[in-house]
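To start, the structure under review is shown below, and the notes come after it.
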Amino acid sequence: MTSSYMGRVLFLAVDKQFRRKGYAKRLMSFAIDHLKKQGVKIIKVATYEENKKAQQMYTQRFGVVKENQEGKILHYRKDV
């Protein structure tokens with residue numbers, strides 16, 4: 001197994017008909033667990049400025065921290 005320093009989750013999306021059913025949380029949990037198993041040390045997450053629900057989920061449930069903003073794209077970081 002190879003080890004990478006950084007992994008990314010970019011613009012996680014769930015179709016409207018499947019929202020509010022926990023799929024985003026499950027997908028994010030899977031992504032974080034998978035990246036940890038791959039040996040990453042930092043996980044970068046990106047979402048759009050208007051996606052307030054994703055921002056809340058990332059920070060409150062997964063402990064990611066906002067790093068910066070480029071235009072309408074917010075960049076977050078989680079050290080693992």
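The values are calculated or read from the model by the stated rules, or taken from the named source; none is laboratory data. All values derive from a computational prediction rather than experimental measurement. For neighbour counting, all protein chains shown are included, and Cβ atoms are generated from backbone atoms with ideal geometry for every residue, glycine included. SASA here: full protein model, heavy atoms, side chains in, ligands and nucleic acids out. Shrake-Rupley method; radii C 1.70, N 1.55, O 1.52, S 1.80 Å.
Measure off, as a whole percent, the carbon and sulfur share of the 1.4 Å-probe accessible area of the chain, all protein chains present. The value for the chain is 51 percent carbon and sulfur by accessible area. Length gained on full extension, Lys41 to Arg77: 11.9 nm, using 0.36 nm per residue less the C-alpha separation.
For the chain, what mean projected area does the convex hull of the alpha carbons give, in nm²?
5.3
Semi-axes of the equivalent ellipsoid of the range 36-80 are 20, 12, 8 Å, computed as sqrt(5λ) over the eigenvalues of the C-alpha gyration tensor in descending order.
For Lys37, the lysines whose Cα comes closer than 21 Å to its Cα, not counting residues fewer than 8 places off in the same chain, are Lys25, Lys78.
Net charge near Arg77, counting Lys/Arg +1 and Asp/Glu -1 over other residues with Cβ under 13 Å of its Cβ?
Surrounding charge for Arg77 is +3.
Beta bridges per DSSP, both residues in the chain: antiparallel share near 70 percent.
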